[in-house]
1. Might you check whether a residue that is among the basic types (Lys, Arg) and within 27 Å of residue 139 (Cα to Cα) occurs anywhere in segment 48-61?
2. Taking segment 51-73 as the search range and keeping residues that are surrounded by 17 or more Cβ atoms within 10 Å (Cβ to Cβ) and touching a residue at least 60 places away in the same chain (Cβ under 8 Å), which one is nearest to the chain's Cα centre (by Cα)?
3. Among all residue pairs at least 6 apart or on different chains, which show Cβ distances below 9 Å where the first residue, located in segment 157-176, is at negative phi and touching a residue at least 12 places away in the same chain (Cβ under 8 Å) and the second is surrounded by fewer than 16 Cβ atoms within 10 Å (Cβ to Cβ) and not in a helix (DSSP H, G or I)?
4. Go through segment 108-125 and report how many residues are more than 18 Å from residue 161 (Cα to Cα) and surrounded by fewer than 16 Cβ atoms within 10 Å (Cβ to Cβ).
5. So which residues in segment 91-104 are of a type outside the set (S, T, N, Q) and buried (at least 16 other Cβ atoms within 10 Å of the Cβ), if there are any at all?
6. Mind checking which residues of segment 36-56 are part of a helix (DSSP H, G or I), more than 20 Å from residue 106 (Cβ to Cβ) and not hydroxyl-bearing (Ser, Thr, Tyr)?
7. Residue check, residue 16 against (1) modelled with pLDDT under 95; (2) assigned to a helix (DSSP H, G or I), all met but one. Which one?
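The values are calculated or read from the model by the stated rules, or taken from the named source; none is laboratory data. Remember, it's a predicted structure, so these values are computed and weren't measured experimentally. Quick reminder, even Gly has a Cβ in these numbers, built from the backbone with ideal geometry, and neighbours come from all protein chains shown.
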Amino acid sequence: MAGETRTAAKLKKKIIIDATMRVLRKQGINQCNHRAVAEEAGVPLGSTTYYFKSLDDLLEAAMQSYLSDFKEITEKWFSQHAELPPADIVIKFLITTLMDRKLIHHEYEMYAAAISRPSLRPLSLSWLLIIEDMMLKYVTEDLLKSKLLSSMIDSLLMRSVLEPDSILFDEENLVTAIHLLLHK
């Protein structure tokens, strides 16, 4: 790493961060360590510890990268559905998101890691704030309703990991809940 150009260093860091995300998706957070990431990235173990001194540093960088992508994808999704009535936007977003339970599982595993890793807490909160911002921008101008919708979405997605067959995920029940929140 001595003598590396800034561009090469940035590229190597990106390779390591991308590998971290793949390890998290394939093996989960409990199996994510410098050695697993180095193997996935095809770089020497020393490269991962050079750029990311601790596992928290590595997880923080991966989470930051993921959140950046998540924000872009989420913004694009909401802007593509902006012509729908507000309640339909939320319902369609929930139904679309619930279709990928494996992704939800991995996202919430990272999200929950902040419980025991304080350095990740601001990033986990950012996750909620992205959805809250989408609610405020595309669904309601009411700040309290946007916070409640964001919290409800978060709760439903977490619940889908723990209880995938809950009656909560019946489309009719989702429609009822969203309409109650938005129209009362």
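1. no
2. 67
3. Filtered contacts from segment 157-176: 160/166; 169/163.
4. Adding up the residues that qualify gives 6.
5. The answer is 91, 93, 94, 98, 104.
6. Within segment 36-56, 38, 45, 46 qualify.
7. With (1) modelled with pLDDT under 95; (2) assigned to a helix (DSSP H, G or I) applied to residue 16, the lone miss is (1).
Residues are listed down the side, and each one gets a yes or a no for (1) in contact with a strand residue (DSSP E or B) (Cβ under 8 Å, 6 or more places away or on another chain); (2) assigned by TED's automatic domain parsing to the domain that holds residue 20; (3) surrounded by 15 or more Cβ atoms within 10 Å (Cβ to Cβ); (4) more than 21 Å from residue 59 (Cβ to Cβ):
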site	(1), (2), (3), (4)
83	no, no, no, yes
89	no, no, yes, yes
153	no, no, yes, yes
158	no, no, yes, no
171	no, no, no, yes
